[in-house]
Amino acid sequence: MSPQQRPPVVFAGRCDVMQHGAHEAALMVRGAGRPVRLIVNGAPPETVRAARRLLSQVAGRHVEVRGYTSDKRAQREAINTADVVVVNCRDENVGLTALDAIVAEVPVLVPDTCGIGRFLVESGRFDPRLIEHSVIRRADGEAAAPVQRWITELAEALDNPDTTRQRAAELREALVTALRTLQSAGESAADLMKAITEVRGSGSSDD
């Protein structure tokens with residue numbers, strides 16, 4: 001099957017059944033109403049079969065659930081084959097799956113509550129127009145963005161793949177520029193991670 005013929009792949013990074021948002025990812029795919037292949041990654045091995053059954057029911061289609069692996073190469077290969085990476089875990093300290101996706105120029109959806117989401121929004125290093133379709137924002141008074149807001153952005157990404165990929169390329173370039181700025185100041189990639197973590201840690205206690 002050629003790339004043009006295969007259904008788009010939505011990759012939900014580092015998800016178990018509930019804590020990291022796999023259930024919500026399945027709801028997003030169902031709500032988007034597009035023929036997609038959903039891959040959920042990072043389930044504890046002993047839960048894979050049960051998670052597959054549950055999430056397939058929620059999504060209304062077969063969901064591929066993969067057990068957690070420490071093989072970073074395999075994880076990056078999975079990200080690289082995706083059309084959209086969804087990292088909807090709300091309290092991820094950094095959000096390494098999302099960061100890997102951005103570096104690979106893969107379109108990503110992240111909440112404004114995780115480290116990379118907050119960094120994109122609050123660091124002042126990124127044009128708001130560049131991140132508006134990647135970071136799912138909360139409205140005033142919301143502890144988390146509602147699922148429907150995720151569904152809207154996912155459907156938009158799937159319906160406009162060329163535009164979505166172009167945005168992903170521009171976001172990667174902006175991130176690389178941010179890293180170069182840190183390096184020119186005598187800092188390193190580790191300092192970028194520290195900056196992301198510090199922005200994450202500056203949030204209110206109910207984040």
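Looking at Arg149, is it among the basic types (Lys, Arg) and modelled with pLDDT under 95? Write out each step before concluding.
Details: among the basic types (Lys, Arg): yes; modelled with pLDDT under 95: no.
No: the conditions fail for Arg149.
Going residue by residue through segment 130-150, is there one that turns out to be in a loop (DSSP other than H, G, I, E, B) and crowded, with 21+ Cβ neighbours inside 10 Å?
Yes, the conditions are met somewhere in segment 130-150.
Among the residues of segment 75-82, are any part of a loop (DSSP other than H, G, I, E, B) and in contact with a Phe, Trp or Tyr (Cβ under 7 Å, 6 or more places away or on another chain)? I'd like the intermediate steps shown before the answer.
Our first condition is that a residue be part of a loop (DSSP other than H, G, I, E, B); within segment 75-82, this holds for 81-82.
From what's left, in contact with a Phe, Trp or Tyr (Cβ under 7 Å, 6 or more places away or on another chain): 82.
Scanning segment 75-82, I find at least one residue that is part of a loop (DSSP other than H, G, I, E, B) and in contact with a Phe, Trp or Tyr (Cβ under 7 Å, 6 or more places away or on another chain), so the answer is yes.
Mind checking whether some residue in segment 49-60 is touching a Leu at 6+ places or on another chain (Cβ under 7 Å), surrounded by 16 or more Cβ atoms within 10 Å (Cβ to Cβ), not polar (S, T, N, Q) and not in a strand (DSSP E or B)? Break it down into steps so the answer makes sense when it comes.
Taking segment 49-60 as the starting set, the residues that turn out to be touching a Leu at 6+ places or on another chain (Cβ under 7 Å) are 58-59.
Then drop every residue that is not surrounded by 16 or more Cβ atoms within 10 Å (Cβ to Cβ), which leaves 58-59.
Still in the list and also not polar (S, T, N, Q): 58-59.
When the remaining residues are screened for being not in a strand (DSSP E or B), the result is 58-59.
Yes, segment 49-60 has at least one match.
Just give me the residues in segment 107-123 being part of a helix (DSSP H, G or I) and out of contact with any strand residue (DSSP E or B) (no Cβ under 9 Å at 6 or more places or on another chain), in sequence order.
Going through segment 107-123, the residues part of a helix (DSSP H, G or I) turn out to be 115-122.
Hits for segment 107-123 are Gly115, Phe119, Glu122.
Based on what the data block shows, is Val103 within 15 Å of Ala12 (Cα to Cα) and modelled with pLDDT of 90 or more?
Working: within 15 Å of Ala12 (Cα to Cα): no; modelled with pLDDT of 90 or more: yes.
No.
Could you look through segment 43-71, keep only residues that are of a type in the set (A, V, I, L, M, F, W, C) and more than 19 Å from the chain's Cα centre (by Cα), and pick out the one that is nearest to Val147 (Cα to Cα)?
Val58
The values are calculated or read from the model by the stated rules, or taken from the named source; none is laboratory data. Bear in mind the structure is a predicted one, so any value in this text is a computation, not a measurement. Every residue, glycine as well, gets a Cβ built from its backbone with ideal geometry; the counts of neighbours run over all protein chains shown.
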